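Each reported figure results from applying straightforward, stated rules to the coordinates on display, with no laboratory input. These numbers come from a predicted model, not from an experiment. Cβ placement follows ideal geometry from the backbone for every residue including glycine, while neighbour counts extend to all protein chains displayed.
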Amino acid sequence: MKVKSAWYRESFGKDYLLVYKHRNFEGAYAEVKRMMNWLHLPEGARVLDLCCGMGRHSLALADFGYTVTGIDLSDTLLGEARKQDPEERVTWLHGDMRRVPSEESFHAVVNLFTSFGYFEQEEENRLVLSEIARLLQPDGKFIIDYLNPAYVKTNLVPHSSREENGLFIEETRSIENGYVRKQICITDNQDGPRHYSEQVRLYSCEAFVDMLYTAGLRVERIYGSYDGKDYDRESSPRMIFVGGREGESLQ
């Protein structure tokens with residue numbers, strides 16, 4: 001009997017680039033500019049972009065003069081990132097965020113755009129946070145950009161559809177058993193429908209902070225979006241955690 005692959009091994013391929021083509025490099029640059037104001041990193045600081053995807057934020061970090069490593073599990077997305085980086089300013093690594101293939105320590109680790117909560121087993125999600133703690137140098141800092149569950153529940157769009165370059169893209173969203181789930185169907189006139197799924201575990205702010213502390217990480221500030229406003233449980237679209245290793249002080 002064929003065992004079904006985990007959704008994240010199937011969904012981050014060529015069709016992902018089509019579904020999320022609206023996520024541009026200009027937006028990533030503005031987000032990174034705000035993040036750097038929060039972290040106050042030294043010039044040339046080593047930064048790890050954990051789950052870098054197609055490299056938008058990694059390349060923006062390199063534009064700011066940092067020494068950047070981007071890691072992702074998707075060969076397809078890493079291939080796109082390398083296309084965008086002909087000068088090889090970023091070190092691109094293929095790897096799993098639960099077992100990052102690096103012994104280097106970093107001034108900062110960033111995990112952006114809800115690249116967390118993918119795994120069915122709770123200990124696997126917690127392992128990602130332990131890896132972040134391991135990869136940080138003693139005075140290192142982190143940013144984890146995650147969705148705000150209360151905002152998602154209030155603003156969830158159950159169904160949407162659109163046409164892109166002759167392809168029909170249909171997305172269905174739901175909240176089930178502690179996860180926000182999305183089903184994606186892409187239809188064209190040649191190959192028929194292609195189906196993908198995505199899911200992310202919903203963590204309250206309190207639960208997330210508890211996991212961070214358990215992993216040896218300390219939260220210094222929680223923003224509700226990249227405009228720099230503090231997190232509000234009901235109205236903030238994001239939970240952006242900024243902090244460092246437990247026992248170390250942020251400047």
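So what J values fall out for region 129-139 if you push phi through Karplus, 6.51 cos²θ - 1.76 cosθ + 1.60 with θ = phi - 60°, rounded to Hz, Gly and Pro as x?
Per residue, the Karplus-derived 3J(HN,Hα) values read 5, 5, 5, 4, 4, 5, 7, 7, 6, x, 9 Hz.
Could you go through region 231-239 in sequence order and give the Karplus-derived ³J(HN,Hα) for each residue, using 6.51 cos²θ - 1.76 cosθ + 1.60 with θ = phi - 60°, rounded to whole Hz, and x for Gly and Pro?
With the stated coefficients, region 231-239 comes to 5, 10, 3, 8, 9, 6, x, 10, 10 Hz.
Please state the relative contact order of the chain as a whole percent: Cα pairs under 8 Å, 6+ residues apart?
Numbers: 464 pairs, mean separation 42.7, N = 251.
Reported as a whole number, the value is 17 percent.
As I understand it, the value is the acute angle between the Cα axis of helix 205-214 and the longest principal axis of the Cα atoms of the chain; what does it come to in degrees, rounded to 10?
Orientation of helix 205-214: about 50 degrees from the principal axis.
If you take the square roots of the eigenvalues of the alpha-carbon gyration tensor of region 152-199 and sort them as a ≥ b ≥ c, do you get rounded (a/c under 1.5), prolate (a/b over b/c) or oblate?
Values: a/c = 4.57, a/b = 2.05, b/c = 2.23.
Here region 152-199 falls in the oblate category.
Run a plain Debye calculation on region 91-172 (Cα atoms as equal point scatterers, no solvent) and give log10 I(q)/I(0) at q = 0.13, 0.22 Å⁻¹, rounded to two decimals, same order as the q list.
Once normalised to I(0) and log-transformed, intensities are -0.62, -1.07.
What's the local net charge at S102, with K and R +1, D and E -1, over the other residues with C-beta under 14 Å away? Don't skip to the answer; put the middle values down first.
Values: positive: R46, R98, R99, R134; negative: D49, D72, D96, E103, E104, E131.
Cβ neighbours under 14 Å give a net charge of -2.
Which net charge results when you count Lys and Arg as +1 and Asp and Glu as -1 among the other residues whose beta-carbon is under 13 Å from that of N37? Provide the component values of the computation, followed by the final result.
On the way: positive: K33, R34, K141, R221; negative: E31, D227.
Charge balance near N37 sits at +2.
Under a Cβ-only charge scheme (Lys and Arg +1, Asp and Glu -1), can you give me the dipole magnitude of the chain about the Cα centre, in debye to the nearest 20? If you can, show how the numbers build up before the last one.
On the way: 31 positive and 40 negative charges, 48 e Å.
It works out to roughly 220 debye.
Rounded to whole Hz and in sequence order, give me ³J(HN,Hα) for region 144-156 from the Karplus expression 6.51 cos²θ - 1.76 cosθ + 1.60, θ = phi - 60°, writing x for Gly and Pro.
For region 144-156, the Karplus curve yields 10, 9, 10, 6, 9, x, 5, 5, 4, 5, 6, 10, 4 Hz.
Could you tell me how many degrees, from 0 to 90 and to the nearest 10, lie between the Cα long axis of helix 25-39 and the main elongation axis, the longest principal axis, of the Cα atoms of the chain?
That helix lies at roughly 30 degrees to the long axis.
Given H placed on each backbone N at 1.01 Å, which residues far from R245 in sequence or on other chains put an amide H within less than 5 Å of it?
G140, R218
What order do you get for 44-52, 226-234 when each peptide is scored by the mean count of other beta carbon atoms within 10 Å, highest first? Could the numbers behind the result be given before it?
On the way: 44-52: 24.2, 226-234: 12.4.
Peptide ranking by packing, descending: 44-52, 226-234.
At R0 = 35 Å, how high is the FRET efficiency between K229 and Q190 if r is their beta carbon distance? Nearest 0.05 is fine.
0.15
Under 12 Å Cα to Cα from K153, which aspartates and glutamates show up? Leave out anything in the same chain fewer than 8 places away.
Filter leaves E176, E234.
Which aspartates and glutamates, on any chain, are close to K33 with Cα under 17 Å apart, when same-chain ones fewer than 8 places away are left out?
E43, D49, D63, D145, D227
Tell me which residues come under 5 Å, amide H to amide H, from L93 once H is placed; ignore anything under 5 positions away on its chain.
Sorted by chain and number, the residues that satisfy this are G70, I71, D72.
Charges only on Cβ, +1 for Lys and Arg, -1 for Asp and Glu: so what's the dipole of region 1-125 about the Cα centre, in debye to the nearest 20?
The calculation lands at about 340 debye.
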